[in-house]
Structure formats: structure tokens, C-alpha cells
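Here is the structure we will look at, set down as C-alpha cells.
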Amino acid sequence: MFRASEHAKGTGQRLFADPLAVALLPGSLRLSAKLLAVRPVSSMLARYIDRQWPGARTSGIARTRLIDDWIAESIGQAEQLVLLGAGFDTRAWRLGALDAVKVFEVDHPATAKVKRQRLQAAGADMNRVTFVAVDFEIDDFEVRLRDAGFDLARRSIVVWEGVSQYLTGEAVCGVMRWAGRLAPGSRFIFTYVHEGVIDGSVAFDGADKVVAKVGVSGEPWRFGLLPGELPGFLRERGLRLVSDLGADQYRERVMGQAGRDMHGYSFYHTVLAEVGDA
């Protein structure tokens, strides 16, 4: 919905285009999303969301553009892109820079099935993606990726967005160790939440409401990191930190002055890391 709302702003005003975002919404929300093109409706919805969940919308939109930019900057030196836990990501169709790159989407079979059905109904070219169905509870995603044609020896970009906070520390470390074994020069883009949100040791504007909501939904946040410890954490897993931006920083980076006036979700971080030489 956030991506659909940004697309509705039109050329020259939006941070990115995503014509498939509406098609990926459940039917009950598609009409509402189409109304976003009506300026008063869009403004009212944005104000309502920003009051209910301070920073969630602006963080999500800015994070999308930031990751888009990092992919575009890295694509010239990569041959493969992996969207790990892809969800309803549409970068394979949105980003022209990916035309010459093999794209793998790794996700749960049920989620992938719904996504493919909605994309096919919207007329999307399904050949742009190699779908890799993985039940992370029982399957080895490394084996499934390899069987689908992913080559660990080729320089790659891996995007792991909006996932790590839901997993155990053991699971997160396992993914990062895998990323650290990619070909030297590969890029690993991921998000995390500040550990202080998980254990309650640091207060962030709006964090209590967000944590309570995800807890009630049955998918509580379980894992976080401390920004000061991130370089060492990555280094131990074969990765070098290139950039670690909190929401306040990446909003300002992609939105300029408008971003500096936005608040909330400052506990959310987006990271660019690189695989070093073995």
C-alpha cells in the first residue's frame, strides 16, 4: 500500500514508480489504493497513517528508494540478484537496471503462489524472475537456490529487507555467514532494528506501539543489533560494512529537506555490506 501511494503521486513527484503495487494488494484494498490518485484522499490517508504509526510510511518509502539506488550503483559489477524473503517485492519489474541480470526470488511457497497469481493477472512478464520456493522451517534455502541455478562463485547482490527482526539470532547469523561466502565484491543489503527496541533498553518515538502491534499479530520482533557493534558483527561473518543508515538518515538522503522534518521509526536501519577477499 505504501508503494502504491507513492506511485500515485505521479511523475516528477514520486520517489519511485511501482505500477504493479495495486495489483498485488488483496481485492478489498485495490479500490482504496486507486483512490490514492485523488489528492485529498491521498493526503488524508498519509496523515492518518503517520498519526497511528509514526514514521512507518515515510521510512518504508524512503527505504525502498535507498535500496533501489544501492542496487543500481552495484549492478554493473554483479551477475545475479537474490531477493531473500521477497514477499511482494516488484524490483524485478520496476528496475530497468535488472534487465541483464538473473533475478532469484526466495520465499515461502504459499506467499510465492499468491504473488505469481496476482502478477499473472496483471500481465507481468513472469520470465523476469526465477522463483525459489522455500519453507524456511524445513528446507535448506542454500540448496534450493543452487538447484535453481544460483552460482555461489559469481558476484551477486542479495537483498534481505524487512526480515531479520522476526528471526532468531541463530537464523540471522546463518544467513549472514552464507552471504559472507559469496564471491568477493558481492553486495549484501539488509535491514535490522535497534536491539534497544527488542529488550526495551532504549526509547524511540512510536516504538512501543509498533512492537505491541507486531506482537498481537503473532509475529513478534525477536532479533536486533546495536549499530556500534555492527562492523565487528559483520566482519566475523566475512562481510565489510559500507553504510549503515537509520531511518532519520535515509529519509534525509532520499527526500532532502522534507525528510529532515519527518520523525519516527528511527530504530530502523538499512545496511549495505560487501564480501571481502577470502
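The values are calculated or read from the model by the stated rules, or taken from the named source; none is laboratory data. Just so it is clear, the structure is predicted and the values come from calculations on it, not from any experiment. Please note: Cβ atoms are built from the backbone with ideal geometry, for glycine as well, and neighbour counts cover all protein chains shown.
Report, by residue number, each residue of segment 113-139 that is among the polar types (S, T, N, Q) and either surrounded by 13 or more Cβ atoms within 10 Å (Cβ to Cβ) or in a loop (DSSP other than H, G, I, E, B) (or both).
Start the filter on segment 113-139 by keeping residues that are among the polar types (S, T, N, Q), which leaves 117, 120, 127, 130.
Once the filter is applied, which keeps residues that are among the polar types (S, T, N, Q) and either surrounded by 13 or more Cβ atoms within 10 Å (Cβ to Cβ) or in a loop (DSSP other than H, G, I, E, B) (or both), segment 113-139 yields only Thr130.
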Worksheet entry | Failed item, numbered, when Met1 is tested on (1) under 16 Å from the mean Cα position of the chain (by Cα); (2) modelled with pLDDT under 85 | (2)
Response to the item:
Filtering segment 12-41 down to residues that are of a type in the set (S, T, N, Q) and more than 23 Å from the chain's Cα centre (by Cα) yields Ser28, Ser32
Worksheet item: Can you name the number of the only condition in (1) crowded, with 20+ Cβ neighbours inside 10 Å; (2) within 18 Å of Tyr166 (Cα to Cα) that Pro220 fails?
Response: (1)
Worksheet item: Do you know which residues across segment 183-193 are surrounded by fewer than 24 Cβ atoms within 10 Å (Cβ to Cβ) and more than 19 Å from Pro227 (Cα to Cα)?
Response: Ala183, Pro184, Gly185
Worksheet item: If you go through segment 140-185, how many residues are out of contact with any Asp or Glu (no Cβ under 9 Å at 6 or more places or on another chain), polar (S, T, N, Q) and not in a loop (DSSP other than H, G, I, E, B)?
Response: 2
Practice prompt. Scan segment 49-73 residue by residue and report those that are of a type in the set (S, T, N, Q) and over 14 Å from Glu252 (Cα atoms).
Written response: Gln52
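Filter segment 99-116 down to the residues that are more than 21 Å from Leu25 (Cβ to Cβ), in contact (Cβ under 8 Å) with a residue 12 or more places away in the chain and in contact with a helix residue (DSSP H, G or I) (Cβ under 9 Å, 6 or more places away or on another chain) and list them by number.
Step one: list which residues in segment 99-116 are more than 21 Å from Leu25 (Cβ to Cβ), which gives 99-104, 106.
Applying the additional criterion that residues be in contact (Cβ under 8 Å) with a residue 12 or more places away in the chain yields 101-104, 106.
Val101, Val103, Phe104, Val106 - these are the residues of segment 99-116 that are more than 21 Å from Leu25 (Cβ to Cβ), in contact (Cβ under 8 Å) with a residue 12 or more places away in the chain and in contact with a helix residue (DSSP H, G or I) (Cβ under 9 Å, 6 or more places away or on another chain).
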Worksheet item: Which one of Ser243, Ser217, Ser201 is hydroxyl-bearing (Ser, Thr, Tyr), assigned by TED's automatic domain parsing to the domain that holds Arg63 and modelled with pLDDT of 95 or more?
Response: Ser243
Response to the item:
Residues of segment 163-212 being under 19 Å from the mean Cα position of the chain (by Cα), more than 26 Å from Arg65 (Cα to Cα) and among the hydroxyl-bearing types (Ser, Thr, Tyr), in sequence order, are Thr168
Worksheet item: Looking at Ser5, is it outside the structural domain of Ile189 (by TED's automatic domain parsing), in a helix (DSSP H, G or I) and surrounded by fewer than 18 Cβ atoms within 10 Å (Cβ to Cβ)?
Response: no
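Basic (Lys, Arg) and farther than 28 Å from His269 by Cβ: is that true of Arg30 in this structure?
Yes; evaluated as a whole, the condition is true for this residue.
Residues checked against (1) touching a Phe, Trp or Tyr at 6+ places or on another chain (Cβ under 7 Å); (2) over 30 Å from Ala179 (Cα atoms):
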residue	(1), (2)
Arg39	no, yes
Ser42	no, yes
Leu45	no, yes
Arg51	no, yes
Ala62	yes, no
Leu66	yes, no
Ser74	no, no
Leu95	no, no
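Pick out, from segment 11-112, the helices (runs of 4 or more DSSP H) lying fully within it that include 1 or more residues that are crowded, with 16+ Cβ neighbours inside 10 Å, hydroxyl-bearing (Ser, Thr, Tyr) and assigned by TED's automatic domain parsing to the domain that holds Glu252.
Numbers: elements: 21-24, 27-34, 39-52, 56-74, 91-94.
Per the criteria, 56-74.
A quick yes/no check of all residues on (1) over 25 Å from Gly246 (Cβ atoms); (2) at pLDDT 95 or above; (3) not aromatic (Phe, Trp, Tyr):
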residue: Leu35; (1), (2), (3): yes, no, yes
residue: Arg39; (1), (2), (3): yes, no, yes
residue: Gln52; (1), (2), (3): no, no, yes
residue: Ile71; (1), (2), (3): no, yes, yes
residue: Gln80; (1), (2), (3): yes, yes, yes
residue: Leu83; (1), (2), (3): no, yes, yes
residue: Arg91; (1), (2), (3): no, yes, yes
residue: Val103; (1), (2), (3): yes, yes, yes
residue: Lys115; (1), (2), (3): yes, yes, yes
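For the subset of segment 127-137 comprising residues that are among the hydrophobic types (A, V, I, L, M, F, W, C) and modelled with pLDDT under 95, which member is farthest from Pro26 (Cα to Cα)?
Applying the first criterion (among the hydrophobic types (A, V, I, L, M, F, W, C)) to segment 127-137 yields 129, 131-134, 136.
If we keep only those that are modelled with pLDDT under 95 as well, we get 133-134, 136.
Details: Ala133: 21, Val134: 23, Phe136: 24 Å.
Filtering first and then ranking leaves Phe136.
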